[in-house]
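Enquirer: Sharing a structure, written as structure tokens. Questions coming.
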Amino acid sequence: MAGTSPATTKGISDVWLEIGFGAGEHLAWQAEAHPDVGLIGAEPFVAGMAKLLSKIEQAKLSNIRLYTEDARDILAALPPASLGRVFILFPDPWPKTRHHKRRLIQTETLDALARVMKPGAELRLATDDRGYLVWALERLMAHPRFQWIARSAADWRARPADWPETRYEAKAVKAGRVCTYLRFLRVP
């Protein structure tokens, strides 16, 4: 993992992970809003990594660490109950049936997330793809370690205030696609 300063846990109250951070606008916003939280960002695309590194340098963010490979490597390496929040925002929906095995939300990935998330930790997932939404909900609702915290339709139709817009979301809205914002808790 790469970061802007030597790794330290001094003053860090929690650790959060963003899988597939795109250009990093959400990750940088979270780092600025929560300087006491250590953030790990996983993104394999070089252009997105470069954009975020520029934001990190410009804002002098020292609480972000980056990983350029598959996020599942991070999940395998983290100790149990080490994450307080995980973000999976607008993941590639892999819409062709023959590619569904490549989708990030799979039972095995949810098992790995459940292992590394603290009880009470929050998983945030956003998508603008209806097929992926159905796919993710089927798997998350069936998983014994995740509980959907929505109480009304507004809970998944509106992005919470502490969840800034990403460029993928703006692109989806501009194209007329409906975005869905899911929040699940890791239950004991």
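Laboratory data are not the source of any read-out in this text; all were calculated from the coordinates shown. Predicted, not measured: the structure shown is a model, and the values here were computed from it. Cβ: placed from backbone, ideal geometry, glycine included. Neighbour counts: every protein chain shown.
Enquirer: How large is the dipole of the range 72-176 about the Cα centre if only Lys and Arg carry +1 and Asp and Glu carry -1, each at its Cβ, rounded to the nearest 20 debye? Can you show the working numbers first?
Expert: Numbers: 19 positive and 12 negative charges, 48 e Å.
The calculated dipole for the range 72-176 is roughly 220 debye.
Enquirer: Projected onto the charge dipole of the chain (+1 at Lys/Arg Cβ, -1 at Asp/Glu Cβ, origin at the Cα centre), which of ALA28, HIS100, PRO164 gives the Cα projection farthest towards the positive end?
Expert: HIS100
Enquirer: Another question, if that's okay. What pairs from LYS51/LYS174; LYS55/LYS171; LYS101/LYS174 go past 24 Å between their alpha carbons?
Expert: LYS101/LYS174
Enquirer: List the trypsin sites (Lys or Arg not before Pro) within the range 86-188 that DSSP assigns to loop and that have no more than 11 neighbouring Cβ atoms inside 10 Å.
Expert: Working: sites: LYS96, ARG98, LYS101, ARG102, ARG103, ARG115, ARG124, ARG130, ARG139, ARG145, ARG151, ARG157, ARG167, LYS171, LYS174, ARG177, ARG183, ARG186; in loops: LYS96, ARG103, ARG145, ARG151, ARG177.
Listed in order of number, the matching sites are LYS96, ARG151.
Enquirer: Let me ask you something else. Please list, in order, the residues from the range 94-132 whose amide nitrogen is less than 12 Å from a point placed 7 Å along the Cα→Cβ vector of VAL178.
Expert: Correct set: 128-131.
Enquirer: Could you check the spin-label model distance between ILE149 and ALA33? Points 7 Å from the Cα along Cα→Cβ, value in nm.
Expert: Output for this residue pair reads 1.3 nm.
Enquirer: Could you bin all the Cα-Cα distances of the chain into 10 Å bins starting at 0 and give me the percent of pairs in each, rounded to whole numbers?
Expert: Reading the bins upward from 0: 9, 38, 39, 13, 1.
Enquirer: Take every DSSP beta bridge with both residues inside the chain and express the antiparallel ones as a percent of the total, to the nearest 5.
Expert: Taking every DSSP beta bridge with both residues in the chain, the antiparallel ones total about 35 percent.
Enquirer: What dipole magnitude, in Debye to the nearest 20, does the chain give about its Cα centre under +1 on Lys/Arg Cβ and -1 on Asp/Glu Cβ? All intermediate terms of the calculation are to be shown ahead of the outcome.
Expert: Numbers: 27 positive and 21 negative charges, 95 e Å.
My answer is approximately 460 debye.
Enquirer: Another one. Would you work out which of LEU61, PHE45, PRO80 lies farthest towards the positive end of the dipole of the range 36-138, given +1 charges on the beta-carbon of Lys and Arg and -1 on that of Asp and Glu, about the Cα centre?
Expert: Result: PHE45, furthest along the dipole toward the positive end.
Enquirer: Using unit Cβ charges (K, R positive; D, E negative) and no other charged atoms, how large, in debye to the nearest 20, is the dipole of the range 34-111 about its Cα centre?
Expert: On the way: 11 positive and 9 negative charges, 64 e Å.
Roughly 300 debye for the range 34-111.
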